[in-house]
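A short worksheet on the structure shown next.
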């Protein structure tokens, strides 16, 4: 099978990760047990995850001129990602402060640094977008840059996967260029609110129905409750249960999911099956601590996929009525 070309436009940060028994409450100080410094940022994570999942991955992003930037570029490149177009701008690189508790839950504070300078895509960067099978983007860089990349992809016939995180309102021209939206419940509500549509507090069915009025395909992620896939051609949303593993750290599970989904779609998988495969990637990532260092290789994804769904995909039990959906 030919490796699909996946271009990721997004952030690159140095993650400063602290392990602690419990997440601190506002105003509280707790003792941490471990500290790690690893390459991260949703753009870098998803590019690395796409490479490990089997894609020819390209990262369009920006790093600072500091020592963190040098380390970031080297570590991303060591994971097989094409970093030849990664910009270096004067100043600090992006930094993420990550706290992870004993249950694998986390809090994250991001300082954009050089990521904020990723504006005005060059002709070479736009060519990379147009030559890809799939463009993947998130929202840790300026939204106008994401929009520019998505419009170029749409005009060239490149599929656009938007991971709408962190939650924010999005311009209509960006949403019009999205082929597949990946979002959590809070992110879904932000998208709907920005689009001038009701953002219900109820069942996923209501959120999915609203989102399909904005984009043609949606994956709504619900963490330990799995994910829902819906598109305008399906009579009902499809629930994909998570692969059960012992969770150590969920920090980059969403990035593993989005990247694997893009790779599977680029390989020509049916999107319901692609969501299953992506769920296996998220599970594999959750078994280890860290962000980019925890992202699974393709062999592990395949093993978890096979273990998670011994029955052929698409069985009638996968189609659930809105009244039975989990929240």
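Here the condition is being farther than 19 Å from residue 103 by Cα and out of contact with any strand residue (DSSP E or B) (no Cβ under 6 Å at 6 or more places or on another chain); of 252, 259, 283, it holds for 259 alone. Please work out which residue is surrounded by the most Cβ atoms within 10 Å (Cβ to Cβ), limiting yourself to the range 85-101 and to residues that are assigned to a loop (DSSP other than H, G, I, E, B) and touching a helix residue (DSSP H, G or I) at 6+ places or on another chain (Cβ under 9 Å). Among residues in the range 85-101 that are assigned to a loop (DSSP other than H, G, I, E, B) and touching a helix residue (DSSP H, G or I) at 6+ places or on another chain (Cβ under 9 Å), the one surrounded by the most Cβ atoms within 10 Å (Cβ to Cβ) is 93. Residues in the range 285-300 that are under 16 Å from the mean Cα position of the chain (by Cα) and assigned to a helix (DSSP H, G or I): 285, 286, 292, 293, 294.
Among the residues making up the range 265-277, a single one is free of Cβ contacts under 8 Å to residues at least 24 places away in the same chain and part of a helix (DSSP H, G or I): 274.
Can you find even one residue in the range 238-254 that is in a strand (DSSP E or B) and either at positive phi or in contact with a helix residue (DSSP H, G or I) (Cβ under 6 Å, 6 or more places away or on another chain) (or both)? Can you show your working first?
Filtering the range 238-254 down to residues in a strand (DSSP E or B) leaves 238-240.
After this cut, where a residue has to be either at positive phi or in contact with a helix residue (DSSP H, G or I) (Cβ under 6 Å, 6 or more places away or on another chain) (or both) as well, the list is 238, 240.
The answer is yes, given that some residue of the range 238-254 is in a strand (DSSP E or B) and either at positive phi or in contact with a helix residue (DSSP H, G or I) (Cβ under 6 Å, 6 or more places away or on another chain) (or both).
Results for (1) in contact with a strand residue (DSSP E or B) (Cβ under 7 Å, 6 or more places away or on another chain); (2) at pLDDT below 95; (3) more than 23 Å from residue 145 (Cβ to Cβ), shown as yes or no for each residue.
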| position | (1), (2), (3) |
| --- | --- |
| 1 | no, yes, yes |
| 5 | yes, no, no |
| 16 | yes, yes, yes |
| 37 | yes, yes, yes |
| 52 | no, no, yes |
| 60 | yes, no, no |
| 64 | yes, no, no |
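Taking strands (runs of 3 or more DSSP E) as the structural unit, those lying wholly within the range 106-224 and holding at least 3 residues that are touching a residue at least 12 places away in the same chain (Cβ under 8 Å) and more than 25 Å from residue 63 (Cβ to Cβ) correspond to 180-184, 217-221.
The combined condition, being over 18 Å from residue 262 (Cβ atoms) and surrounded by 18 or more Cβ atoms within 10 Å (Cβ to Cβ), is not fulfilled by residue 166. Only residues that are within 20 Å of residue 162 (Cβ to Cβ) and either buried (at least 22 other Cβ atoms within 10 Å of the Cβ) or under 12 Å from the mean Cα position of the chain (by Cα) (or both) were counted in the range 246-284, giving 22.
The values are calculated or read from the model by the stated rules, or taken from the named source; none is laboratory data. Everything quoted here is computed from the prediction, not taken from an experiment. Positions of Cβ are backbone-derived with ideal geometry, glycine not excepted, and every protein chain shown enters the neighbour counts.
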